[in-house]
Each structure stands twice: as C-alpha cells, then as structure tokens.
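The next block holds one structure in the form of structure tokens; read it before the comments.
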Amino acid sequence: MLGPTLLGAEAPPITARRAGSLVSLGSTGIKASFLAQGTGYNGYNQSSAQTRAGKEAFERLVRRALEHGINFLDMADLYGSHPFVKEVIRDIPRRRLVLLSKIWPRPAKWCTPSGGARAEVERFCRELNTDHLDICLIHCMLNEQWPAEFARIREELAALKKEGKVRAVGVSCHHFGALKVAARDPWVDVIFARVNHKGGKQYSCDAPIGELSAVLRQARGNGKAVVGMKIFGAGKLTSPEAKDASLKYVIQNRLVDAMTIGTTTPAQVDDTVARVDRALAG
C-alpha cells in the first residue's frame, strides 16, 4: 500500500515520459536523463559491485544503459568507478553526457582528503579524461553542521563552478537534519536524497516517509535538483510489486527531478527501465 499523497504546487511536475527522457535538473541549466546509471551499489574502499565485476562486465552494463538513452552517470571516488567509465565514454561526444561524481571528505584507509575540492576535482577529471564535471557533490552528509564542517570544500567548489570546471554543486545526504539544511541552503544546486515508498531507517531512508516527502517537495520548490537514491531500499525492496510501488509513490508525489538506481547487469537495466517507463506513464 502506498503512503499518503503529498502533492503540492511548490513541487514542479515531472516532465519525463520515459527513463531516458531529458529533464531539467532544478535551476542548474543541466538536462539529464530522468534515470541515472548508478555505479556504486555496495560501494566501499574505491570499489563497488559494478567495478568488482570487472572491466568487461562494467562496460556491458553501462553500454546497455546508454542504449536506453540514459546519459546521466552517477559516480564517486568511493566507488572507484572513474577509470571504468572513462573507457566506456571514450568515443562519445562529451556534450551528450552528464557526469556526476562525489568527494569523500573524511580521512579513510583508502583516501587522504585535501580538505578542499580543487585537488579532487582535477584528479577526477584526469581519471575521466574530461575537462569538467557536470555535477560534483560532497559525499554522505551526516549532520546539520556540514556547511561549517566542510566550509573549505564548499568554497573551492564554488570557485571551480565560476571557472567552469564544475557546472553544479551539492551534497548527498544520509541524515535528515543534513537534508533539511541542504533543502534551504543557497549554495546547494543538487541534492542526492534517500527516498522510497516505505521510508525510515529500515529501508535506508532518513525519516518517515511523510516527513521526508515534505522536505523533498520544499527542496524542489526552492529550485534544488533532487535526485532520488535508494529507490529500491538499497536492495531491500526486491519484489516486483515493491519496486513498482516505490517508483509510483516517488513519481506521483513529484519528489524528485531524477533518480539513480545502481543496476548491476544488463538484464537489471532492461527491467528497471521498463518499470520506470510504466510508472512515468501513470
């Protein structure tokens, strides 16, 4: 059973008719496919299920997504997916792609952050063989203090945006307070938000579905581009009925501008695209 309907005039309509339809991402001026191909399922230590499958499997996966018109590629330093994507997009005109990546801001055994963003963005561009990123996010915000905690990253991303090295900036959120701050922060262009029809921590969301939906509508009303993630509950919503219910809820309630789903095989891509197409058709 679906959660409560929370339509509001402040949430722009979803204009996509298919998973591969190009949509405007908030106020960024960027047009991307409604569905993004995620590259970080079960991602950690610069690897993910997609990259651990190997180069050939990764290329088959992303090429199938591209065949469906999906031009929005969701990456992160945490996933180690840049070199894999580089090979797939080698012969594709850059203007046809929307490349998003994320900076991991905390020291870890696999990374020593610069404390800013310039060194990371320049490295990401080298790893992808591109002169710019369309979107760069600060990865995994865990509290309301993230604007002060990562002030230098914000400042350097703002400078890179002015220089054209990054077209839009923002955050991915794993905390409800962090999400509420992002929804009203003028610095934020793009928010990655965990959302599905179940809501709550059990299904990898940051709040009960009613509270979460209200904040996402507010964010979209404020001109933020909201990209939904964990649409299938980080692998917890596995039945066809649950997947369809989640897509229907998120789309009918206008909670996102786009969504990213971390399919891991070409067959999963085909199935997910078909489900998204049906949900968009109403």
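Taken together, the criteria place R167 among residues that are buried (at least 18 other Cβ atoms within 10 Å of the Cβ) and either closer than 24 Å to Q218 by Cβ or of a type in the set (S, T, N, Q) (or both).
Checked against (1) in a helix (DSSP H, G or I); (2) of a type in the set (S, T, Y); (3) within 17 Å of E120 (Cα to Cα), S172 passes all but a single condition, namely (1). Looking across segment 206-220, the residues that are of a type outside the set (K, R) and closer than 17 Å to Q252 by Cβ come down to I209, G210, L212, S213, A214, L216.
Look at segment 220-240: where a residue is under 9 Å from V195 (Cα atoms) and a partner is part of a helix (DSSP H, G or I) and modelled with pLDDT of 95 or more, sitting 6+ places away or on another chain with Cβ atoms under 7 Å, you get G228/V250; I231/S246; I231/L247; I231/V250; F232/K243; F232/S246; G233/Y203.
Considering segment 175-199, and only residues there that are surrounded by 22 or more Cβ atoms within 10 Å (Cβ to Cβ) and part of a loop (DSSP other than H, G, I, E, B), the residue that is farthest from the chain's Cα centre (by Cα) turns out to be H197. Filtering segment 23-70 to residues that are polar (S, T, N, Q), in contact with an Asp or Glu (Cβ under 8 Å, 6 or more places away or on another chain) and surrounded by 20 or more Cβ atoms within 10 Å (Cβ to Cβ) leaves T28, Q37, T39.
Against the criterion of being in contact (Cβ under 8 Å) with a residue 12 or more places away in the chain and surrounded by fewer than 20 Cβ atoms within 10 Å (Cβ to Cβ), A158 qualifies. Residues in segment 75-110 that are among the β-branched types (V, I, T) and either under 20 Å from L25 (Cβ atoms) or in contact with a strand residue (DSSP E or B) (Cβ under 8 Å, 6 or more places away or on another chain) (or both): V85, I89, I92, V98, I103. The single condition among (1) touching a strand residue (DSSP E or B) at 6+ places or on another chain (Cβ under 9 Å); (2) surrounded by 24 or more Cβ atoms within 10 Å (Cβ to Cβ) that I209 does not satisfy is (2).
Exactly one residue out of A182, A178, A193 is modelled with pLDDT of 95 or more and closer than 25 Å to I70 by Cα, and it is A193. Pairs linking a residue in segment 247-261 that is of a type in the set (S, T, Y) to a residue that is modelled with pLDDT of 95 or more, with Cβ atoms under 6 Å and 6 or more positions apart or on different chains, are Y249/H197; T260/A36; T260/G38; T260/D74; T260/V227; T260/M229.
Please find, within segment 102-154, the residue that is surrounded by the fewest Cβ atoms within 10 Å (Cβ to Cβ) out of those that are of a type in the set (D, E) and part of a loop (DSSP other than H, G, I, E, B). Among those residues, the one meeting the criterion is D131.
Hey, among the residues in segment 86-101 that are over 16 Å from the mean Cα position of the chain (by Cα) and not charged (D, E, K, R), which one's surrounded by the fewest Cβ atoms within 10 Å (Cβ to Cβ)?
P93
The values are calculated or read from the model by the stated rules, or taken from the named source; none is laboratory data. Bear in mind that the values here come from a model prediction, so they are computed numbers and not experimental data. Cβ coordinates were reconstructed from backbone atoms using ideal geometry, including for glycine residues, and neighbour counts include every protein chain displayed.
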